[in-house]
Amino acid sequence: MQGQIALFSEAVPLAQFDGETYEPMLDQRRLSTQLEAIRELMLDNVWRTLPQIVLALRSRKGIHATEPGVSARLRDLRKSKFGAYNVERRRQSDHFFEYRIAPSAEVQD
């Protein structure tokens, strides 16, 4: 569509969220924005904890997100409708896990 700016890549379709408490008018923009920001941030193949992701979203993109919200968006990225990314997890310490993502065919170590 000429003259329009695409806010989200095709890998993150809008209005695909669902769930018992999901209300499109209240949640679609926020969830889509968080999902796209997390996807963009995490595709650099750097391991990060949930608190590190939250801080990076806030400082780099001005996006407020909570650790449970980031965790939920990482789970969303595993779903085929959101790109079927490989979300890898490893234990950093007794209390923290680190995460990184890669497109499903491009997981690297």
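Every number in this text was worked out from the coordinates using simple rules, so none of it is lab data. Since the model is a prediction, treat every value here as computed from it, not as a measurement. Counting neighbours? That spans all protein chains shown, and the Cβs are built from the backbone with ideal geometry, glycine included.
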> Mind listing the phi-derived Karplus ³J(HN,Hα) values for region 78-90, rounded to whole Hz, using 6.51, -1.76 and 1.60 with θ = phi - 60°, and x for any glycine or proline?
Replying inline: 6, 6, 4, 5, 10, x, 6, 6, 7, 9, 8, 9, 9
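Can you give the Rg to Rh ratio for region 24-102, taking only C-alpha atoms and Rh from Kirkwood? Before the final figure, lay out each step's value.
On the way: Rg = 12.0 Å, Rh = 12.6 Å.
On the Cα set of region 24-102, Rg over Rh gives 0.95.
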> What is the extension gain from HIS95 to TYR22, computed as 0.36 nm multiplied by their sequence separation minus the C-alpha to C-alpha distance, in nm to one decimal?
Replying inline: 23.3 nm
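Can you tell me how much longer the chain between SER59 and VAL46 gets when fully stretched, taken as 0.36 nm per residue apart minus their C-alpha distance, in nm with one decimal? Let's see the in-between values first.
Values: separation 13, 0.36 × 13 = 4.68 nm, distance 1.67 nm.
That works out to 3.0 nm of additional length.
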> Near the amide H of ALA65, under 5 Å away, which other amide H atoms are found, from residues 5 or more places off or on another chain, if H is placed in the peptide plane?
Replying inline: none
>> List the residues, sorted by chain then number, that are 5 or more residues from ASN86 or on another chain and whose placed amide H is less than 5 Å from its amide H.
In response: ALA102, SER104
> Which distance in nm do the two modelled labels at LYS81 and THR66 give, with both placed 7 Å along the Cα-to-Cβ direction?
Replying inline: 2.3 nm
